[in-house]
């Protein structure tokens, strides 16, 4: 019964899908009843606190915890010594959650305590004596790549080169993508522009700090309650780190106060579990905002060279990019995705993108909404914009001329399926925003963006209750309203009103494995699985109806929420509604439920075009965002309000990245702005309304045509705003954030 | 830690003078609680002055105003007479933090916190405000610009607290204004700030001026050279250029996470110029 | 350490608690009284997720000591709905999809209610500036601002049945 | 024959070939043959790869059936936010 991409036809007429229904978790969230990570308590609970390195790079000679252990109320102290051998796949996680031989960045955890009160835990932290040997550090990506840079990991030899080097360095790996003869392509061009760009690291900035409550019994069974984008991932990683059976650990995902990729890994959960194991008491650990910024995962900071050739008619002849991403103290920056996404919007004969994954004394980067892509798009779209300006060409026309389209070869290799880039460009060109007049010191910017979108491992269970209502259990934490959209897809398929379906996030013991909520996959993959589960249940209900009527199941169809004879030949039978069948479920064969366990495939890539107007104050360098319009392909907007919400939220995160957000490190390698005061995310008064235009080019890989929408929206804004500011200021901006001092400097005023 | 909430200024002074270890006055608490949380400040005693009723009031002081040390910036904004007389001071207080912070934050606390970037301080200095200090030896009035010695340091002696900020009666044809620069529209600490107060004669010529700059030196500065650029002029473009130049020349800022030295120097002049126009127009009754 | 005994009123209920001198009102609400609707996003007054109203004044409960609550009247998100009847703002937040993750939502609702009690006809700019101390990372604020403006419009409709300004009973 | 390409930095692992052709009925068969024939590919595949088949991406699926003329592209393992 599962949907077969390419074989089954796509549904285009909907009753519930496409409507703006109230969300199932709404009431709890507007009344304060919703329980987030830090809101859970347990009897006998202890408070856990983590001691963090004040140094960017230091050898840990010795940790003396004896005085901390002696504090009244302290029940456990753990260090790296409490985390034993573990599988290779989680080695870096183990090093990151608790420093072993070296502290690798300011904020790196070195010890943790659990005590009966926060005050006692705080007192104990102060009494832990760590003997550090401070080492030279490096935080800038270009500096880290220099041969003279301090080597952070002497076992790191650059991969991806023709020959593995003999000397260790901070360059973990080289990646290359592309096709065609780039040099020849550049030679053909009427104009070639080459520029270097830099972007600073930004943080996902979710408002809810990481929080968890772990409880481990002496029988080896444990429970974790935490805010995460993937509780199955938490189970896997924590059980591996503590040498437990995976099924002995049950993880329940709390309501999650934002993630944006930052909660796709673990930081405090294994520590809380280790503290609980040692103290034999439940332990709650909640990060402070400063800990979130210093020690969870921000993005990479980057340094990027772009060279693009264009003919006078706007044809791009070749594109070449070298991307250097610093991903913190461990390998694994998002540079391959940046390199793959850099030119994805263009159908090019010759293209090359080379990426370097670089380590530095900063927190290990984590995914942030389309990881790696915004910075690459920023650099490429800036040069395309400059070429358009130099050749006096319209930036939307040029993009339409070169746009990737159905079947064209993507810059990262494969050929595209059905895609919606052109549709977004055409929508932008037809929109009144594009023709609106600009005033003095004002400018307009255009940019496009792309993200892959994922499917992945997904498990859904749909239970038909005796009263004809539906319990729908999914395993992908809801970070933006996905319970509403998934529930609505199940309701659509079953033909019942949306409010008869209650969608919940089940714990790891109650449902099969699910990949994390990432890659814009949830509405696509959990939605697909929910549709399949509904079809599974429908099949069973049709069997029951066939039994009741005494006809073959092939002669029964499901329509409008009821089983019906498929043709007059099947006999005259009154339709049996879902509620009718559910009421008789016990007597006709037992409970009815539908399941789907899949590795969801067929996620459709997503493109967007953003238009933005800004005004630059030439005396202060202050940039005001005047007007912003997002055009993005959603395939099919299941819940338009939350699709718009994703567009708007991504655009505004991009505005923050472009204008004011940055990790500022001092000369000593410590983070200078570890708080919301100086890590400046946009506030309400900084912004205009964000117009969201939903474009729908159905994804052939989903029964309703759904594409993921969460991530693409953050890809174009960096470039769109930079192009707009460059237009307003009359000077090309090449560094993010475009903070007022940088703008003023670019204007030559200081 | 001990918490006291005395009912009279006398009791507060007594507690303050008699306390052992470190003691902090709690007015709005919007700085103190942040410092306590980060571990920067670990007081042994906290004296909450919000139960002292005279300190929670804005009183007319002759033709001027006495703003109790526990009066929040929101209460200042809601006082029509004060807002009419000293709009620059009231607006500067209304720039401190968020609506939530303004519901608690006080200008006396802003002053005692002794940050060079305190928003209300340049405005108070420009307006010629004085701090009423109470201590074991009685009362003294000190000009606001003399209170801070350096970042985090004031001239207050053991046992002393600020009871109120006194704003003088506003002379005729006088206007004040305060502008600051922040990278966002709200919620930031000033990268640079300028408070200006000017008095004009009947012909619109400036007869008196006070110019104060924030966040460009270890303490808020009163820049007499910048004031001189305005006095005797109609605060025209030429005078404004001279004012901006004098302000930039007086600035001796540092590079930090909030802005560069060169940026602060430049923007101090820009802000002074813009604030002077508002102050002039207010003095002329234009706004 | 001696704990301080505090008598206060929370959402109209007389409430007594004891706390340490350095405990914030937010810690007391969440950890001692089990009222976890107010959230800690920063602990430094920069995000507004802990917004409550004290004697009619909107404040961050992370920037106020629990001890300071003595004799005050405190309103939190838990008291915003009247039984099962939602405050109009709560309903509009649902209608406009003005929340995604929802962790900032209690703070926004408390802050927006405080605005509408002072100004029943705010401009978009006034809404944005009043709410500048409430950070939201999911929505880009668009739908939140629309929900507040739409609530104000609806609340003005019934023949000026304007709510009285919040009660002020400062007991100093 | 199924056409197989790999991302740029893995090209040396194919020992100079821009594109190779294989008889394979599933992604698993492609990956197995690549691992067996090219030692450098084996390492990359062990670390995790994503595979595109006729323009559709598969992050962690090996049982996907291939058509005789399918185009397969091997890419680094993808993560999202």
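Any read-out appearing in this document is the output of simple, stated calculations on the displayed coordinates, not a laboratory observation. None of these values were measured; they are calculated from a predicted model. With ideal geometry, Cβ positions are generated from the backbone for all residues, glycine too; neighbour counts draw on all protein chains shown.
Results, tabulated for the structure shown:
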| item | result |
| --- | --- |
| Linear extension gain, residue A:280 paired with residue A:315, 0.36 nm per residue minus alpha-carbon span | 5.9 nm |
| Theoretical ellipticity at 222 nm over chain B - DSSP helices of four or more residues, -39500 (n - 2.57) apiece, nearest 500 | -9500 deg cm²/dmol |
| Whole-number percent relative contact order across chain A, with pairs defined as alpha carbons under 8 Å at least 6 apart | 16 percent |
| Centre separation in Å (Cα based) which lies between region A:541-558 and region B:70-93 | 77 Å |
| Three principal axis lengths of region A:677-721 [C-alpha, angstrom, descending] | 45, 20, 19 |
| Distance cut-off 22 Å, percentage of C-alpha pairs in region D:2-76 lying past it | 9 percent |
| Cα gyration tensor, chain B - rounded (a/c under 1.5), prolate or oblate | prolate |
| Theoretical FRET efficiency, 1/(1+(r/R0)^6), r = Cβ-Cβ of residue B:155 and residue A:441, R0 51 Å, to 0.05 | 0.70 |
| Alpha-carbon centroid distance for the pair region C:1-58 / region A:287-337, whole angstrom | 43 Å |
| Normalised contact order of chain C, rounded percent, pairs of Cα under 8 Å and 6 or more residues apart | 23 percent |
| For region A:320-441, fraction of C-alpha pairs farther apart than 24 Å, in % | 38 percent |
| When the convex hull of its Cα atoms is projected in every direction, mean area for the protein assembly as shown (nm²) | 51.4 nm² |
| Gain in span if fully extended, residue A:245 to residue A:14, counting 0.36 nm per residue against the direct Cα distance | 78.7 nm |
| Within region B:145-171, backbone nitrogen closer than 20 Å to the virtual label 7 Å beyond the Cα of residue B:231 toward Cβ | B:145-146, B:168-171 |
| Whether chain A is rounded, prolate or oblate, judged on the alpha carbon gyration tensor where a/c under 1.5 counts as rounded | oblate |
| Share, in percent, of DSSP beta bridges within chain D that are antiparallel, nearest 5 | 75 percent |
| Between 0 and 90°, nearest 10: helix C:105-118 axis offset from chain C longest Cα axis | 70 degrees |
| Sites residue C:84 and residue B:78 - FRET efficiency at Förster radius 35 Å, r taken between beta-carbons, to 0.05 | 0.50 |
| FRET E, pair residue A:499, residue A:61, Förster distance 51 Å, beta-carbon r, rounded to 0.05 | 0.25 |
| Degrees separating the helix B:237-250 axis from the principal Cα axis of chain B, which is the longest one | 40 degrees |
| Per-selection Kirkwood Rh - region B:152-287 (Cα, Å, 1 d.p.) | 15.6 Å |
| Antiparallel bridges, percent of DSSP beta bridges restricted to the protein assembly as shown (to nearest 5) | 80 percent |
| Whole-number percent relative contact order across chain B, with pairs defined as alpha carbons under 8 Å at least 6 apart | 16 percent |
| Label-reachable residues, region A:313-336, where backbone N falls under 14 Å from a point 7 Å from residue A:394's Cα toward its Cβ | A:314 |
| With 10 Å bins from 0: P(r) over region C:88-156, alpha-carbon pairs, percent | 23, 63, 14 |
| Debye equation applied to the C-alpha atoms of region A:671-750, log10 I(q)/I(0) at 0.23, 0.25 Å⁻¹ | -1.22, -1.28 |
| Sum of -39500 (n - 2.57) over DSSP H runs of 4+, divided by residues of chain A (222 nm, nearest 500) | -7500 deg cm²/dmol |
| Added length on full extension, which subtracts the Cα-Cα distance from 0.36 nm per residue, residue A:148 to residue A:188 | 10.5 nm |
| Label-point gap, in nm, between residue C:32 and residue D:60 - each point 7 angstrom along Cα→Cβ | 4.6 nm |
| Span from the region C:129-153 Cα centroid across to the region A:142-210 one, whole angstrom | 40 Å |
